[in-house]
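Comments concern the structure below.
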Amino acid sequence: RYRNLLDDDMTLAEVTQLVRCEAAGTHATVVVNGRVAGRHENAFTGFAFEITGAMRKAKNVLEIVVDNFYDQQGLPITADYTMFGGLYRPVHLIVTPAACFDVAGEGYGPGVTVRADAKTGRVRVEPQVLRPSGKTKVKVSYAVPEAGVTSEANEFAVPGFALWSPESPKLYHLTATLTSEWGTDVVTVPFGFRTAEFREDGFYLNGVRRQLRGVNRHQDIAGKGWAVSAADEERDILLIKEMGADALRTAHYPHSRHIYDLCDRLGLICWVEYPNVNRLIFTDDFEKGMHRQIREMVAQLGNHPSIAMWSICNELEMAGKGWKLDPGRTVALLTRTRDLIHSIDP
(Lines give C-alpha, C1' and ligand atoms only; values in the text may rest on other atoms or scores of the structure.)
Protein backbone atom coordinates (compact mmCIF):
# COMPACT_ATOMS: atom_id res chain seq x y z
CA ARG A 1 0.00 0.00 0.00
CA TYR A 2 2.85 2.40 0.74
CA ARG A 3 4.94 2.92 -2.40
CA ASN A 4 7.06 5.94 -3.18
CA LEU A 5 7.24 5.40 -6.94
CA LEU A 6 4.79 4.34 -9.64
CA ASP A 7 5.47 1.07 -11.44
CA ASP A 8 6.84 1.63 -14.92
CA ASP A 9 3.72 0.21 -16.56
CA MET A 10 1.23 2.30 -14.52
CA THR A 11 -0.26 5.60 -15.61
CA LEU A 12 -1.58 8.41 -13.42
CA ALA A 13 -5.12 7.57 -14.52
CA GLU A 14 -4.88 4.11 -12.96
CA VAL A 15 -3.86 5.17 -9.45
CA THR A 16 -4.91 7.23 -6.47
CA GLN A 17 -2.15 9.07 -4.64
CA LEU A 18 -2.45 10.48 -1.14
CA VAL A 19 -0.25 12.13 1.44
CA ARG A 20 -0.89 11.05 5.01
CA CYS A 21 0.70 12.76 8.02
CA GLU A 22 0.31 11.19 11.46
CA ALA A 23 0.41 14.64 13.15
CA ALA A 24 1.88 18.11 12.77
CA GLY A 25 2.09 20.94 15.26
CA THR A 26 -0.09 22.87 14.88
CA HIS A 27 -1.42 24.12 11.52
CA ALA A 28 -0.33 22.33 8.34
CA THR A 29 -0.80 23.13 4.65
CA VAL A 30 0.03 20.44 2.08
CA VAL A 31 1.20 21.78 -1.30
CA VAL A 32 2.02 19.63 -4.36
CA ASN A 33 3.66 21.22 -7.37
CA GLY A 34 2.49 24.63 -6.18
CA ARG A 35 -1.14 23.54 -5.67
CA VAL A 36 -2.70 23.45 -2.20
CA ALA A 37 -4.00 19.94 -1.55
CA GLY A 38 -5.46 20.68 1.89
CA ARG A 39 -5.09 22.31 5.28
CA HIS A 40 -5.34 20.79 8.75
CA GLU A 41 -5.66 22.41 12.16
CA ASN A 42 -4.71 20.77 15.47
CA ALA A 43 -1.54 19.14 16.64
CA PHE A 44 -2.59 15.66 17.69
CA THR A 45 -4.64 13.85 15.05
CA GLY A 46 -3.53 12.72 11.62
CA PHE A 47 -4.71 13.97 8.26
CA ALA A 48 -4.58 12.83 4.64
CA PHE A 49 -5.24 14.53 1.33
CA GLU A 50 -5.62 13.12 -2.15
CA ILE A 51 -3.01 14.61 -4.46
CA THR A 52 -3.63 12.60 -7.65
CA GLY A 53 -4.76 15.57 -9.71
CA ALA A 54 -1.68 17.60 -8.84
CA MET A 55 0.90 14.86 -9.52
CA ARG A 56 3.14 14.44 -12.55
CA LYS A 57 4.84 11.25 -13.68
CA ALA A 58 8.14 12.55 -12.33
CA LYS A 59 9.85 15.55 -10.72
CA ASN A 60 7.09 16.24 -8.19
CA VAL A 61 7.61 18.66 -5.33
CA LEU A 62 5.78 18.07 -2.02
CA GLU A 63 5.76 20.80 0.62
CA ILE A 64 4.14 20.64 4.06
CA VAL A 65 4.15 24.11 5.61
CA VAL A 66 3.68 23.98 9.39
CA ASP A 67 3.34 26.63 12.10
CA ASN A 68 2.42 26.62 15.78
CA PHE A 69 1.28 30.22 16.13
CA TYR A 70 -1.20 30.78 18.96
CA ASP A 71 -4.80 30.41 17.81
CA GLN A 72 -7.69 31.17 20.17
CA GLN A 73 -10.00 28.98 18.09
CA GLY A 74 -7.72 25.97 18.49
CA LEU A 75 -7.32 23.47 21.32
CA PRO A 76 -5.79 23.79 23.79
CA ILE A 77 -6.30 27.51 24.30
CA THR A 78 -4.14 27.33 27.42
CA ALA A 79 -2.25 24.44 28.97
CA ASP A 80 0.56 23.68 31.39
CA TYR A 81 2.58 21.73 28.83
CA THR A 82 4.71 22.83 25.89
CA MET A 83 3.09 23.02 22.45
CA PHE A 84 5.96 21.98 20.19
CA GLY A 85 5.86 22.63 16.45
CA GLY A 86 6.81 20.82 13.27
CA LEU A 87 6.26 17.46 11.58
CA TYR A 88 6.83 15.30 14.63
CA ARG A 89 5.12 12.07 13.47
CA PRO A 90 5.73 10.12 10.24
CA VAL A 91 4.59 11.20 6.77
CA HIS A 92 3.57 8.67 4.10
CA LEU A 93 3.10 8.87 0.36
CA ILE A 94 0.40 6.34 -0.49
CA VAL A 95 -0.03 5.01 -4.04
CA THR A 96 -2.95 2.64 -4.62
CA PRO A 97 -5.15 1.50 -7.50
CA ALA A 98 -7.64 4.19 -8.53
CA ALA A 99 -10.36 2.59 -6.37
CA CYS A 100 -9.12 2.19 -2.79
CA PHE A 101 -9.94 2.40 0.88
CA ASP A 102 -10.42 6.06 1.74
CA VAL A 103 -8.00 7.46 4.32
CA ALA A 104 -8.80 11.04 3.26
CA GLY A 105 -12.51 10.98 4.12
CA GLU A 106 -14.21 12.41 7.18
CA GLY A 107 -12.01 11.89 10.20
CA TYR A 108 -9.04 10.61 8.14
CA GLY A 109 -9.48 7.10 9.53
CA PRO A 110 -7.88 3.89 8.20
CA GLY A 111 -10.67 3.33 5.67
CA VAL A 112 -12.27 0.48 7.64
CA THR A 113 -14.29 0.62 10.88
CA VAL A 114 -14.79 -2.56 12.91
CA ARG A 115 -17.59 -3.11 15.42
CA ALA A 116 -16.96 -6.25 17.49
CA ASP A 117 -19.77 -7.57 19.72
CA ALA A 118 -18.25 -9.16 22.84
CA LYS A 119 -21.50 -10.91 23.70
CA THR A 120 -22.12 -12.70 20.39
CA GLY A 121 -18.75 -12.77 18.68
CA ARG A 122 -20.21 -11.08 15.63
CA VAL A 123 -18.22 -8.50 13.71
CA ARG A 124 -19.68 -5.70 11.59
CA VAL A 125 -17.37 -3.93 9.15
CA GLU A 126 -17.98 -0.47 7.72
CA PRO A 127 -15.65 0.15 4.75
CA GLN A 128 -15.04 3.64 3.38
CA VAL A 129 -14.26 3.50 -0.34
CA LEU A 130 -12.75 6.09 -2.66
CA ARG A 131 -13.43 5.46 -6.33
CA PRO A 132 -12.81 7.48 -9.50
CA SER A 133 -16.46 7.42 -10.57
CA GLY A 134 -19.78 6.16 -9.29
CA LYS A 135 -19.82 3.52 -12.03
CA THR A 136 -16.69 1.77 -10.81
CA LYS A 137 -17.56 -1.67 -9.46
CA VAL A 138 -15.70 -2.77 -6.35
CA LYS A 139 -15.68 -5.97 -4.32
CA VAL A 140 -14.62 -5.99 -0.68
CA SER A 141 -13.74 -9.17 1.21
CA TYR A 142 -12.46 -9.74 4.73
CA ALA A 143 -10.20 -12.12 6.62
CA VAL A 144 -9.39 -12.58 10.31
CA PRO A 145 -6.26 -14.78 10.24
CA GLU A 146 -6.17 -15.44 14.00
CA ALA A 147 -9.63 -17.05 13.77
CA GLY A 148 -9.33 -18.62 10.32
CA VAL A 149 -12.32 -16.57 9.12
CA THR A 150 -12.95 -15.26 5.61
CA SER A 151 -16.08 -13.45 4.47
CA GLU A 152 -17.50 -11.45 1.58
CA ALA A 153 -20.28 -10.10 3.80
CA ASN A 154 -19.92 -6.98 5.94
CA GLU A 155 -21.13 -8.91 8.99
CA PHE A 156 -19.86 -12.29 10.14
CA ALA A 157 -19.15 -14.36 13.26
CA VAL A 158 -15.79 -15.24 14.83
CA PRO A 159 -16.22 -18.74 16.31
CA GLY A 160 -14.56 -19.47 19.62
CA PHE A 161 -13.68 -15.81 20.13
CA ALA A 162 -11.68 -14.78 23.21
CA LEU A 163 -12.14 -11.59 25.22
CA TRP A 164 -9.47 -8.90 25.46
CA SER A 165 -8.19 -7.95 28.94
CA PRO A 166 -4.89 -6.82 30.52
CA GLU A 167 -4.31 -10.37 31.77
CA SER A 168 -5.10 -11.88 28.37
CA PRO A 169 -4.87 -9.22 25.65
CA LYS A 170 -6.30 -11.31 22.82
CA LEU A 171 -5.91 -9.23 19.69
CA TYR A 172 -7.42 -9.87 16.28
CA HIS A 173 -6.61 -8.25 12.95
CA LEU A 174 -9.08 -7.67 10.16
CA THR A 175 -7.59 -7.63 6.67
CA ALA A 176 -9.89 -5.96 4.16
CA THR A 177 -9.24 -6.46 0.44
CA LEU A 178 -10.80 -4.19 -2.18
CA THR A 179 -10.78 -5.43 -5.76
CA SER A 180 -11.77 -3.40 -8.82
CA GLU A 181 -10.92 -3.11 -12.49
CA TRP A 182 -7.99 -0.94 -11.38
CA GLY A 183 -6.38 -3.55 -9.14
CA THR A 184 -6.31 -4.54 -5.46
CA ASP A 185 -5.97 -2.47 -2.28
CA VAL A 186 -5.45 -4.03 1.17
CA VAL A 187 -5.82 -2.54 4.66
CA THR A 188 -5.31 -4.29 8.01
CA VAL A 189 -6.73 -2.92 11.28
CA PRO A 190 -6.67 -4.26 14.87
CA PHE A 191 -9.75 -5.12 16.89
CA GLY A 192 -10.78 -7.10 19.93
CA PHE A 193 -13.80 -8.32 21.87
CA ARG A 194 -14.46 -6.64 25.22
CA THR A 195 -17.06 -4.63 27.09
CA ALA A 196 -16.30 -1.57 29.21
CA GLU A 197 -18.82 0.26 31.36
CA PHE A 198 -19.23 2.34 34.48
CA ARG A 199 -21.84 1.35 37.03
CA GLU A 200 -22.73 3.03 40.30
CA ASP A 201 -20.08 1.01 42.16
CA GLY A 202 -17.24 1.40 39.67
CA PHE A 203 -15.69 0.33 36.39
CA TYR A 204 -16.47 -3.04 34.80
CA LEU A 205 -14.42 -4.79 32.12
CA ASN A 206 -16.11 -7.78 30.49
CA GLY A 207 -18.76 -7.71 33.21
CA VAL A 208 -16.26 -7.90 36.10
CA ARG A 209 -15.72 -4.98 38.49
CA ARG A 210 -12.15 -3.74 38.27
CA GLN A 211 -10.03 -1.29 40.23
CA LEU A 212 -7.91 0.46 37.62
CA ARG A 213 -4.30 1.16 38.59
CA GLY A 214 -2.78 3.47 36.06
CA VAL A 215 -0.53 6.37 35.20
CA ASN A 216 -0.55 9.46 33.00
CA ARG A 217 1.82 9.82 30.07
CA HIS A 218 2.84 12.82 27.99
CA GLN A 219 4.40 12.21 24.60
CA ASP A 220 7.54 14.35 24.98
CA ILE A 221 11.06 13.30 25.94
CA ALA A 222 13.93 15.55 27.01
CA GLY A 223 16.04 16.59 24.03
CA LYS A 224 13.46 15.40 21.50
CA GLY A 225 10.24 17.21 22.36
CA TRP A 226 7.39 15.39 20.63
CA ALA A 227 9.57 13.89 17.88
CA VAL A 228 10.05 10.60 19.70
CA SER A 229 10.88 7.27 18.07
CA ALA A 230 8.95 4.02 18.13
CA ALA A 231 11.67 2.65 20.42
CA ASP A 232 11.13 5.55 22.85
CA GLU A 233 7.40 4.80 22.93
CA GLU A 234 7.94 1.08 23.47
CA ARG A 235 10.32 1.76 26.36
CA ASP A 236 7.67 3.93 28.04
CA ILE A 237 4.94 1.31 27.72
CA LEU A 238 7.20 -1.52 28.91
CA LEU A 239 8.17 0.56 31.98
CA ILE A 240 4.49 1.19 32.73
CA LYS A 241 3.74 -2.53 32.46
CA GLU A 242 6.78 -3.41 34.59
CA MET A 243 5.57 -1.22 37.45
CA GLY A 244 2.33 -3.22 37.57
CA ALA A 245 -0.09 -0.76 35.98
CA ASP A 246 -3.09 -1.96 33.99
CA ALA A 247 -4.35 1.44 32.75
CA LEU A 248 -2.97 4.46 30.94
CA ARG A 249 -4.33 7.99 30.48
CA THR A 250 -2.75 9.53 27.41
CA ALA A 251 -2.74 13.08 28.68
CA HIS A 252 -3.94 15.56 27.47
CA TYR A 253 -4.45 14.57 23.83
CA PRO A 254 -4.45 11.59 21.46
CA HIS A 255 -1.02 10.01 21.28
CA SER A 256 0.41 8.13 18.29
CA ARG A 257 -1.29 5.07 16.84
CA HIS A 258 1.83 3.11 17.77
CA ILE A 259 1.17 3.78 21.47
CA TYR A 260 -2.28 2.22 21.22
CA ASP A 261 -0.91 -0.68 19.15
CA LEU A 262 1.44 -1.39 22.07
CA CYS A 263 -1.39 -1.09 24.61
CA ASP A 264 -3.52 -3.47 22.52
CA ARG A 265 -0.74 -6.02 22.42
CA LEU A 266 0.60 -5.70 25.96
CA GLY A 267 -2.71 -5.13 27.79
CA LEU A 268 -3.23 -1.58 29.06
CA ILE A 269 -6.72 -0.05 29.36
CA CYS A 270 -6.56 3.41 27.80
CA TRP A 271 -8.27 6.66 28.70
CA VAL A 272 -7.87 8.92 25.66
CA GLU A 273 -8.78 12.58 25.54
CA TYR A 274 -8.69 15.48 23.19
CA PRO A 275 -6.99 18.66 24.43
CA ASN A 276 -9.96 20.45 25.94
CA VAL A 277 -7.90 21.94 28.78
CA ASN A 278 -8.60 24.88 31.11
CA ARG A 279 -10.58 27.24 28.92
CA LEU A 280 -13.50 27.19 26.48
CA ILE A 281 -14.74 29.81 24.03
CA PHE A 282 -18.47 29.75 23.35
CA THR A 283 -18.55 30.42 19.61
CA ASP A 284 -19.82 28.34 16.70
CA ASP A 285 -16.35 28.20 15.14
CA PHE A 286 -14.79 26.92 18.37
CA GLU A 287 -17.41 24.20 18.80
CA LYS A 288 -17.16 23.13 15.15
CA GLY A 289 -13.39 22.88 15.46
CA MET A 290 -13.62 20.94 18.72
CA HIS A 291 -16.13 18.47 17.28
CA ARG A 292 -14.10 18.07 14.07
CA GLN A 293 -11.09 17.09 16.17
CA ILE A 294 -13.20 14.62 18.15
CA ARG A 295 -14.44 12.99 14.93
CA GLU A 296 -10.83 12.60 13.82
CA MET A 297 -9.77 11.11 17.16
CA VAL A 298 -12.55 8.52 17.17
CA ALA A 299 -12.25 7.68 13.45
CA GLN A 300 -8.49 7.15 13.67
CA LEU A 301 -8.30 5.27 16.98
CA GLY A 302 -11.72 3.71 17.49
CA ASN A 303 -10.71 0.20 16.36
CA HIS A 304 -8.23 -0.26 19.23
CA PRO A 305 -9.61 -2.62 21.93
CA SER A 306 -7.32 -1.06 24.54
CA ILE A 307 -9.23 2.24 24.34
CA ALA A 308 -12.13 2.05 26.79
CA MET A 309 -12.80 5.73 27.51
CA TRP A 310 -12.97 8.97 25.51
CA SER A 311 -12.43 12.03 27.70
CA ILE A 312 -14.16 15.27 26.73
CA CYS A 313 -12.40 17.73 29.08
CA ASN A 314 -10.13 18.21 32.04
CA GLU A 315 -9.30 21.03 34.50
CA LEU A 316 -12.13 23.25 33.29
CA GLU A 317 -12.66 24.54 36.84
CA MET A 318 -9.63 26.77 36.41
CA ALA A 319 -10.10 30.50 35.75
CA GLY A 320 -7.66 33.05 34.43
CA LYS A 321 -7.19 36.78 34.13
CA GLY A 322 -9.82 38.41 31.95
CA TRP A 323 -12.18 35.45 31.74
CA LYS A 324 -14.27 33.25 33.98
CA LEU A 325 -16.00 29.93 33.78
CA ASP A 326 -19.60 29.89 32.57
CA PRO A 327 -21.13 26.76 34.18
CA GLY A 328 -24.38 26.82 32.19
CA ARG A 329 -22.81 27.07 28.74
CA THR A 330 -19.98 24.75 29.74
CA VAL A 331 -22.39 21.96 30.71
CA ALA A 332 -24.44 22.51 27.55
CA LEU A 333 -21.36 22.35 25.30
CA LEU A 334 -19.98 19.25 27.01
CA THR A 335 -23.38 17.56 26.84
CA ARG A 336 -23.51 18.12 23.07
CA THR A 337 -19.95 16.79 22.87
CA ARG A 338 -20.81 13.65 24.83
CA ASP A 339 -23.84 13.03 22.62
CA LEU A 340 -21.68 13.42 19.51
CA ILE A 341 -19.22 10.79 20.70
CA HIS A 342 -22.02 8.36 21.58
CA SER A 343 -23.51 8.85 18.11
CA ILE A 344 -20.29 8.01 16.27
CA ASP A 345 -18.98 5.36 18.69
CA PRO A 346 -21.91 3.52 20.31
So is residue 229 touching a residue at least 24 places away in the same chain (Cβ under 8 Å) and open to solvent by less than 80 Å² (accessible area, probe 1.4 Å) or not?
-> no
Working carefully through the options 161, 203, 156, find the one that is farther than 23 Å from residue 109 by Cα, in a strand (DSSP E or B) and either at pLDDT 95 or above or among the hydrophobic types (A, V, I, L, M, F, W, C) (or both).
-> 203
Given (1) charged (D, E, K, R); (2) part of a loop (DSSP other than H, G, I, E, B); (3) crowded, with 17+ Cβ neighbours inside 10 Å, residue 324 misses just (3)
Within region 283-303, considering residues that are open to solvent by less than 20 Å² (accessible area, probe 1.4 Å) and of a type in the set (Val, Ile, Thr), the one farthest from the chain's Cα centre (by Cα) = 294
Out of all the residues in region 232-248, is one or more within 30 Å of residue 87 (Cβ to Cβ) and in contact with an Asp or Glu (Cβ under 9 Å, 6 or more places away or on another chain)?
-> no
Search region 240-253 for residues that are in contact (Cβ under 8 Å) with a residue 24 or more places away in the chain and open to solvent by less than 50 Å² (accessible area, probe 1.4 Å) and pair each with any residue that is among the charged types (D, E, K, R) and outside any strand (DSSP E or B) when their beta-carbon atoms are under 6 Å apart and the residues are at least 6 apart or on different chains.
-> 245/213; 246/213
Could you list, in sequence order, all residues of region 178-195 that are of a type outside the set (Asp, Glu), out of contact with any helix residue (DSSP H, G or I) (no Cβ under 8 Å at 6 or more places or on another chain) and open to solvent by less than 40 Å² (accessible area, probe 1.4 Å)?
-> 178, 180, 187, 189, 191, 193
Verdict on residue 133 being among the hydroxyl-bearing types (Ser, Thr, Tyr) and either open to solvent by less than 20 Å² (accessible area, probe 1.4 Å) or not in a loop (DSSP other than H, G, I, E, B) (or both) | no
Mind counting the residues in region 20-42 that are out of contact with any Leu (no Cβ under 6 Å at 6 or more places or on another chain) and at pLDDT 95 or above?
-> 16
Restrict the check to region 216-226 and report whether at least one residue is crowded, with 17+ Cβ neighbours inside 10 Å and in contact with a Cys (Cβ under 7 Å, 6 or more places away or on another chain).
-> no
Any chance region 93-102 includes a residue that's modelled with pLDDT of 95 or more, within 24 Å of residue 274 (Cα to Cα) and not basic (Lys, Arg)?
-> yes
Among the small types (Gly, Ala, Ser), within 23 Å of residue 194 (Cα to Cα) and surrounded by 24 or more Cβ atoms within 10 Å (Cβ to Cβ) - does that describe any residue in region 264-282?
-> no
Does region 95-126 hold any residues that are touching a Ser or Thr at 6+ places or on another chain (Cβ under 8 Å) and over 23 Å from residue 42 (Cα atoms), and which are they?
-> 95, 96, 97, 98, 99, 100, 118, 119, 125, 126
Among the listed residues 329, 336, which satisfies the condition of being in contact with a helix residue (DSSP H, G or I) (Cβ under 9 Å, 6 or more places away or on another chain), surrounded by fewer than 17 Cβ atoms within 10 Å (Cβ to Cβ), touching a residue at least 24 places away in the same chain (Cβ under 8 Å) and assigned to a helix (DSSP H, G or I)?
-> 336
Which number in (1) open to solvent by 40 Å² or more (accessible area, probe 1.4 Å); (2) of a type in the set (S, T, N, Q); (3) more than 19 Å from the chain's Cα centre (by Cα) marks the one condition that residue 141 misses?
-> (1)
Hey, can you tell me all the residues within region 101-130 that are open to solvent by less than 50 Å² (accessible area, probe 1.4 Å), assigned to a strand (DSSP E or B) and in contact with an Asp or Glu (Cβ under 9 Å, 6 or more places away or on another chain)?
-> 101, 112, 113, 114, 123, 125, 127, 129, 130
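The values are calculated or read from the model by the stated rules, or taken from the named source; none is laboratory data. In this text the structure is predicted, and so the values were computed from the model without any measurement. Note: ideal-geometry Cβ built from the backbone for every residue, glycine included; neighbour counts use all protein chains shown. Calculation scope for accessible area: heavy atoms of the full protein, side chains included, ligands and nucleic acids excluded. Shrake-Rupley method; radii C 1.70, N 1.55, O 1.52, S 1.80 Å.
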